[in-house]
Amino acid sequence: MSPELLIYATLIICTSIGALSANLTLLLLFVSHLKLRTDTWGLTLNLSLCDMMFGISVTSVAIFSILGGSTFLNYGIACKLVGFTMVLLQLASLNSLAWTTVDKFTEICFPLRYAQIVTKRRIWIILSFLWIYAILVAALPFMGFGDYSFNEDVYACLPSLNATTMPYSMMLFSGGIITPILAISVLYVAIIHIARSQAKRGTFVCNDQHCYYVPIRSYFRNTFVLIFSAFYLLVCWLPSITISFYEIFHAHDVPPIAQMASMWLIVLTSGINPWVNSLAQRKYRKALRESWRKLKRLFQDMGSSTESPSENERHSSPQTHHCLPGHNTTSSIQT
């Protein structure tokens, strides 16, 4: 195994494990905290499930291929099914992320009408159309419009990028990948602009007891998260998009190390998404701290329960000594 392949396999495995852990943490928070299940939590749940399954599928295929099973995926229906699954999950993830960003934008720009605009019924309609769209686009190669093939550089089954599959490749990348990423970036830039304008005017936040002034530095501190949310997808997807268009129009081979780096960046987004879009929010951080305290308390109780028998034995030994018949007789005579 070459050093480049070893590094690539290590990065893919570690990144996929990180993505699995982050998304599993988010799912456990949903299970243990009912207050996180708002009307729009279905979008976040769908995003987390897609990212988790994408990381698992990429890792399993890469490990299987690197260990010598690539001949099984080179041809036939197995490679097409793997490619279909990867494209399906990635399209569902990107579009779920786009609609989650739309939800955040609506909540900030239209706070008074947010409850009327975003309803549970509309969220389920969005999810239904989202999956229908992802299934149709991913299934087009089965109908002869495009094709899936095994990429020996990244050890994965991906859409074929050449002159014969140009219409499908252009539709996939322009409509399924570039458009959601640009929409997410534009919406986050708009959110940053609104937050900046609001910070300059100053804001008062009220609770049940009193109102207090929110300083401008708190908005600028949160702006860093928004800026990262706006541009991390562009950074992670730009190498893959550039390589894909280069292969479509020039039909030249790209260095394997560039292919590996672009594939790893795509897998990296599956691990970044839950932290940036959910766990970075205050309510999720609060739920995470509460869960951590409960977990620590549980371990402390388990530790104290294991120590209690020995302590009980120490405390019970003097009592058994006083209850001896001879000792009781003596003490009673003395009194």
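The values are calculated or read from the model by the stated rules, or taken from the named source; none is laboratory data. A quick note: this is a predicted structure, and the numbers were derived from the prediction, not measured. Here Cβ is always computed from backbone atoms with ideal geometry, including for glycine, and neighbour counts include all displayed protein chains. All accessible areas refer to the heavy atoms of the entire protein, side chains included, with ligands and DNA or RNA removed. Shrake-Rupley method; radii C 1.70, N 1.55, O 1.52, S 1.80 Å.
Scan segment 29-42 and tell me whether some residue there is more than 30 Å from Gln116 (Cβ to Cβ), of a type outside the set (Ser, Thr, Tyr) and part of a helix (DSSP H, G or I). No, there is no match, as no residue in segment 29-42 is more than 30 Å from Gln116 (Cβ to Cβ), of a type outside the set (Ser, Thr, Tyr) and part of a helix (DSSP H, G or I). Scanning segment 275-295 finds one or more residues that are surrounded by fewer than 17 Cβ atoms within 10 Å (Cβ to Cβ), at pLDDT 80 or above, of a type in the set (Gly, Ala, Ser) and more than 30 Å from Ile66 (Cβ to Cβ). Can you work out which of the residues in segment 143-156 that are in a loop (DSSP other than H, G, I, E, B) and touching a helix residue (DSSP H, G or I) at 6+ places or on another chain (Cβ under 8 Å) is most open to solvent (accessible area, probe 1.4 Å)? Result: Glu152. Condition (residue is closer than 18 Å to Phe245 by Cα, assigned to a helix (DSSP H, G or I) and of a type in the set (A, V, I, L, M)) applied to segment 127-134: is it met by at least one residue? Taking every residue of segment 127-134 in turn, none turns out to be closer than 18 Å to Phe245 by Cα, assigned to a helix (DSSP H, G or I) and of a type in the set (A, V, I, L, M).
Let's see how each residue does on (1) in contact with a strand residue (DSSP E or B) (Cβ under 7 Å, 6 or more places away or on another chain); (2) open to solvent by less than 50 Å² (accessible area, probe 1.4 Å); (3) at pLDDT below 85:
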{"residue": "Pro141", "(1), (2), (3)": "yes, yes, no"}
{"residue": "Phe173", "(1), (2), (3)": "no, yes, no"}
{"residue": "Ile177", "(1), (2), (3)": "no, yes, no"}
{"residue": "Ala190", "(1), (2), (3)": "no, yes, no"}
{"residue": "Arg196", "(1), (2), (3)": "no, no, yes"}
{"residue": "Asn207", "(1), (2), (3)": "no, no, yes"}
{"residue": "Cys211", "(1), (2), (3)": "yes, no, yes"}
{"residue": "Tyr219", "(1), (2), (3)": "no, yes, yes"}
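The residue pairs whose first member lies in segment 95-119 and is free of Cβ contacts under 8 Å to residues at least 60 places away in the same chain, whose second member is open to solvent by 80 Å² or more (accessible area, probe 1.4 Å) and part of a loop (DSSP other than H, G, I, E, B), and whose beta carbons are closer than 8 Å, counting only pairs six or more residues apart or on different chains, are Ile117/Phe110. With respect to the conditions (1) surrounded by fewer than 22 Cβ atoms within 10 Å (Cβ to Cβ); (2) at negative phi, Gly76 lacks only one, and its number is (2). Taken residue by residue, segment 157-169 has at least one member that is surrounded by 14 or more Cβ atoms within 10 Å (Cβ to Cβ) and assigned to a helix (DSSP H, G or I).
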